[in-house]
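Asks: Let me begin by handing over the structure; questions about it come next.
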Amino acid sequence: MATKILIVEDDANIADLLRLYLEKEGYQIAIASDGGKGVEQFRRFQPDLILLDLMLPVLDGWGVCRAIRSESQVPIIMLTAKGELDDKVTGLKQGADDYITKPFEMPEVLARVEAVLRRTGAAPEKNNKRLVFDKLVIDMEAFELTVDGKKIPTPPKEMELLYHLASTPNRVYTRNQLLDEVWGFDYFGDTRTVDVHIKRLREKLEGVSSQWSLKTVWSVGYKFEVV
């Protein structure tokens, strides 16, 4: 089961950026846009870690932290534009496990998330063969495709093609590249093979989520687009 992270952040752009990178790493994500919803989502979603902004509407980050700490010791990393030492000390005294100042770089966030999960014993097992996006799980260990909570029977080559594209979101592959990298250099079929497999995958995936899609890049090839 994927490690669950709750993002409590009122800036939609920051929340979406965090979601995009964390989902690519295999985490299951929920987002709350204010402190009140953050506490509600914590109780409903039961996350393994919380990324918590301080300057929130309805209930600020301090209040969210206190409310959660009265019920749980789930790891909390505070994300905030406040960088003064006093704010960091206050956050840690309130029960936060770490503190990251905006603007931040995503590699730092990912590293700190992994470090806190390791310290608290909630670190996920590394599984590079499992990709998780909104309403989509591609599990190459089990060769299972889960779409909107339902397991969809999918032939191995379609699984391999989808996994190959989704492993590097927004990268464009030519048909010949996909033939070489998914079917192998010794495959003697033509590029229509790729088109047929993409068509079948689209029948399984079309309209499932507005956050990702299989896109045709005209006269070039295909990509797994994440927005």
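The values are calculated or read from the model by the stated rules, or taken from the named source; none is laboratory data. Every value quoted in this text rests on a predicted model; they were computed, and no experiment measured them. Note that each Cβ is placed from the backbone with ideal geometry, even for glycine, and that neighbours are counted across all protein chains shown. Protein only, heavy atoms only, side chains kept; ligands, DNA and RNA dropped before computing areas. Shrake-Rupley method; radii C 1.70, N 1.55, O 1.52, S 1.80 Å.
Asks: Pairs only if they're at least six apart or on different chains, beta carbon under 6 angstrom, first in segment 131-157 and open to solvent by 30 Å² or more (accessible area, probe 1.4 Å), second small (Gly, Ala, Ser); list them, first residue then second.
Replies: Here the result reads Asp134/Ser209; Lys135/Ser209, each pair linking segment 131-157 to a residue that is small (Gly, Ala, Ser).
Asks: Answer yes if at least one residue in segment 174-182 is among the basic types (Lys, Arg) and within 27 Å of Asp148 (Cα to Cα), and no otherwise.
Replies: Within segment 174-182, none of the residues are among the basic types (Lys, Arg) and within 27 Å of Asp148 (Cα to Cα).
Asks: Tell me, which helices (runs of 4 or more DSSP H) lie completely within segment 1-74 with 2 or more residues that are among the β-branched types (Val, Ile, Thr)?
Replies: 61-69
Asks: Conditions: (1) at pLDDT 90 or above; (2) acidic (Asp, Glu); (3) buried (at least 19 other Cβ atoms within 10 Å of the Cβ). Glu71 meets all but one. Number of the miss?
Replies: Unmet for Glu71, out of (1) at pLDDT 90 or above; (2) acidic (Asp, Glu); (3) buried (at least 19 other Cβ atoms within 10 Å of the Cβ): (3).
Asks: In addition: Would you mind telling me which numbered condition in (1) exposed (fewer than 14 other Cβ atoms within 10 Å of the Cβ); (2) basic (Lys, Arg); (3) more than 20 Å from the chain's Cα centre (by Cα); (4) at pLDDT 90 or above Arg119 fails?
Replies: With (1) exposed (fewer than 14 other Cβ atoms within 10 Å of the Cβ); (2) basic (Lys, Arg); (3) more than 20 Å from the chain's Cα centre (by Cα); (4) at pLDDT 90 or above applied to Arg119, the lone miss is (4).
Asks: Taking the residues in segment 172-190 that are exposed (fewer than 13 other Cβ atoms within 10 Å of the Cβ) and at negative phi as candidates, determine which candidate is modelled with the highest pLDDT.
Replies: Taking segment 172-190 first, the residues exposed (fewer than 13 other Cβ atoms within 10 Å of the Cβ) are 176, 184-190.
Subset that is at negative phi: 176, 185-190.
Working: Asn176: 88, Phe185: 53, Asp186: 54, Tyr187: 63, Phe188: 64, Gly189: 69, Asp190: 78.
My answer is Asn176.
Asks: Follow-up question, since we're still on this one. Scan segment 37-82 for residues that are small (Gly, Ala, Ser) and free of Cβ contacts under 8 Å to residues at least 12 places away in the same chain and report the count.
Replies: 1
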